Amino acid sequence: YHNRRFNRTLIHCMGFGGMNLGHFLRLTPDMNGVKARLVYGEDGVEDISYEPYTLRSVKSLKLVTDDSICYDYKSTDRSAFDRLMAERGDCDDILIVKNGLVTDTSFTNVAFYDGNRWLTPASPLLCGTRRAFLLDKGTIKETDIPVSEIKCFRRICLFNAMIDFGI
């Protein structure tokens, strides 16, 4: 899933793809919980760094609206998220609304439980790799989630490549 997103980004931003992340990453079994960060350049991967992933505690979310935010491709430019995070007040994170629909938090995809199934926004800001995996498995289903319907759900789950679904 990461390789697919990597090549999708390269094709969009650089005009070429067909690269394999395995040629760049040097992962070992003792690296569980370590995040690899790749910075793309004109020839593909320009820089790779590894750091322990710290799980953030999120107990409160503030709804923030930005109808122009665009984050279709993973980027080092997170200025839009920084600007929106400045609006969070004393909440731990933000839940971003675009054109009246729920999208993502500042660092995770989201899913909502309606009592029968888990639903994830059909138009997230970033189509995350774990999200793609969970959709393929049938664990979550895509749908538009209007901000007005959040109160109808029983639970919310925040997840990304480093945070398992359900935590």
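The values are calculated or read from the model by the stated rules, or taken from the named source; none is laboratory data. Just so we're clear, the structure is a prediction, and the values are computed from it rather than from any experiment. Note that we place each Cβ from the backbone using ideal geometry, even for glycine, and neighbour counts take in every protein chain shown. Calculation scope for accessible area: heavy atoms of the full protein, side chains included, ligands and nucleic acids excluded. Shrake-Rupley method; radii C 1.70, N 1.55, O 1.52, S 1.80 Å.
Select from the stretch 8-27 the residues that are assigned to a helix (DSSP H, G or I) and touching a helix residue (DSSP H, G or I) at 6+ places or on another chain (Cβ under 9 Å) and write down the one among them that is farthest from GLY44 (Cα to Cα). It comes out as GLY22. Would it be correct to say that ILE69 is in a strand (DSSP E or B) and either hydrophobic (A, V, I, L, M, F, W, C) or within 16 Å of the chain's Cα centre (by Cα) (or both)? So ILE69 does not fit the description; no. If you check LEU63, LEU25 for being open to solvent by 40 Å² or more (accessible area, probe 1.4 Å) and either within 21 Å of ASN160 (Cβ to Cβ) or in contact with a Pro (Cβ under 8 Å, 6 or more places away or on another chain) (or both), only one passes: LEU63. Residues considered: ASN7, ASN3. Of these, the only one that is open to solvent by less than 90 Å² (accessible area, probe 1.4 Å), closer than 14 Å to TYR73 by Cα and touching a Leu at 6+ places or on another chain (Cβ under 6 Å) is ASN3. Out of the stretch 125-157, which residues are free of Cβ contacts under 8 Å to residues at least 40 places away in the same chain and open to solvent by less than 20 Å² (accessible area, probe 1.4 Å)? Once the filter is applied, which keeps residues that are free of Cβ contacts under 8 Å to residues at least 40 places away in the same chain and open to solvent by less than 20 Å² (accessible area, probe 1.4 Å), the stretch 125-157 yields GLY128, ARG131, LEU134, ILE140. All conditions but one from (1) surrounded by fewer than 10 Cβ atoms within 10 Å (Cβ to Cβ); (2) part of a loop (DSSP other than H, G, I, E, B) apply to SER49; the one that does not is (2).
For the stretch 79-94, the candidate set comprises residues that are open to solvent by less than 10 Å² (accessible area, probe 1.4 Å) and outside any helix (DSSP H, G or I); within that set, the residue that is nearest to SER68 (Cα to Cα) is ILE94. Examine the stretch 103-123 for a residue that is surrounded by fewer than 19 Cβ atoms within 10 Å (Cβ to Cβ), free of Cβ contacts under 8 Å to residues at least 12 places away in the same chain and either part of a helix (DSSP H, G or I) or touching a strand residue (DSSP E or B) at 6+ places or on another chain (Cβ under 9 Å) (or both), and state whether such a residue exists. No, the stretch 103-123 contains no residue that is surrounded by fewer than 19 Cβ atoms within 10 Å (Cβ to Cβ), free of Cβ contacts under 8 Å to residues at least 12 places away in the same chain and either part of a helix (DSSP H, G or I) or touching a strand residue (DSSP E or B) at 6+ places or on another chain (Cβ under 9 Å) (or both). For the stretch 96-151, the set of residues classified as charged (D, E, K, R) and more than 18 Å from TYR73 (Cβ to Cβ) consists of ASP114, ARG117, ASP136, LYS137, LYS141, GLU142, ASP144, GLU149, LYS151, listed by residue number. Quickly run through the stretch 24-62 and pick out the residues that are β-branched (Val, Ile, Thr) and touching a residue at least 60 places away in the same chain (Cβ under 8 Å). Matches in the stretch 24-62: VAL58 only.
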